[in-house]
Each structure stands twice: as structure tokens, then as C-alpha cells.
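The values are calculated or read from the model by the stated rules, or taken from the named source; none is laboratory data. Here the structure is a predicted model, which is why all the values come from computation and not from measurement. Please note: Cβ atoms are built from the backbone with ideal geometry, for glycine as well, and neighbour counts cover all protein chains shown.
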Amino acid sequence: MKTQDTTALRSDSNAADISRKAFLKTAGSVALFAALGITLPGCGSEDAENIMGPDPEEPPSQDTGISISGNTITIDLTKDDTSSLATSGAWALIAAAQTLVVNVEGTFRAFTSVCTHSGCDRQWNYSNQLFTCTCHGSRFNNRGEVVQGPATRDLTEFSVTRNNNVVTIQK
């Protein structure tokens, strides 16, 4: 009667298990990266630069009329990109400075764009004299006061001065 060497069989079996584990680990990683590669481009937007500001690594291609130096933001209302702010009811999100600016009947007001509810800072709308943080629906009037939660604290207001066509915000 012939006996079989079970040590060799176990060894071959373990080798197959290791290969299977390695295969599944690699296949799982590849599937994950493939799925992310397919879905992440869908998260982008052609308007992303308008909301988030220019890429900080890339030099500006033109003078937008907004300059930021430390805690000071300067807006030149004579520039094409900012001239609409001279109109009452106009507003802007200056994402690079986390600042909201609104023209209320010729008086400029500026607030932090960091919502006091959960810290969202780039998801804002303004209509009917109300800022709306679209992350969770908090609403603030044009004085930065909460008018609808879930936020419970007002937006921090910044000092604003206007000298002819130049608006200066001091954070």
C-alpha cells in the first residue's frame, strides 16, 4: 500500500491559500481605486474656481480686483470681476479669505463665511436679503444674525471701510 506525503499536500494547499489571499487583496485594491477613479471626477464642477477661488499654487492670470494681504482684503470696484458689487443687493464669497461681502443699499458689510453650525465655508447663496448656508440650511440676515437654524450663533462681522471705489475689509 502506497502512502501519500500529507506534508507536501499541506504545503501546496497553504501556497494556494496565500496566493488566493494576495490575489483578493490586490483585486480589492484595484476595484476600490477603479471605483474612486470613476466617481471622483463626477464630484468636480466647471464652476469650482468661481466658488473656491484660484489655485494658490498657480499665479493669477489677471487682476480680479480683489487682493488679500494678511487680515486685510481690498476690493477695487472698477475692475470687471468686482464692478457688480457696486450694485445694491450684490454679494460675493471670497473663498480664499473665508469672507462674505454684501452691498446693502450702498453700505458694504462683511462676515466670516464659516457657518456657525458646522463650519462649512464655501456653500453659500444670497437672496431676499438672506445668506443661506446650503450645507444644512442655516439662514442669516444681511447683518449676520441667525434667522433660521440649525445654527444658533451669528456670523462674525468684519470692519469695512469704503474710499470711493475701493472697499477695505479688516478681519
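Of the residues making up region 82-92, those that are hydrophobic (A, V, I, L, M, F, W, C) and out of contact with any helix residue (DSSP H, G or I) (no Cβ under 7 Å at 6 or more places or on another chain) are L85, A86, W91.
Which one is modelled with the highest pLDDT, of the residues in region 125-145 that are buried (at least 21 other Cβ atoms within 10 Å of the Cβ) and of a type in the set (F, W, Y)? Residue satisfying both the conditions and the ranking: F140. Please indicate, with yes or no, whether at least one residue in region 150-158 is modelled with pLDDT under 85 and buried (at least 16 other Cβ atoms within 10 Å of the Cβ). No, there is no match, as no residue in region 150-158 is modelled with pLDDT under 85 and buried (at least 16 other Cβ atoms within 10 Å of the Cβ). Looking at R153, R139, R162, R143, just one residue is of a type in the set (K, R) and in contact with a Lys or Arg (Cβ under 9 Å, 6 or more places away or on another chain), and that residue is R143.
The single residue among A97, A92 that is within 22 Å of I68 (Cα to Cα) and either in contact (Cβ under 8 Å) with a residue 40 or more places away in the chain or aromatic (F, W, Y) (or both) turns out to be A97.
Would you be able to tell me the number of residues in region 130-171 that are under 13 Å from V101 (Cα atoms), part of a loop (DSSP other than H, G, I, E, B) and touching a helix residue (DSSP H, G or I) at 6+ places or on another chain (Cβ under 9 Å)? Number satisfying all stated conditions: 1.
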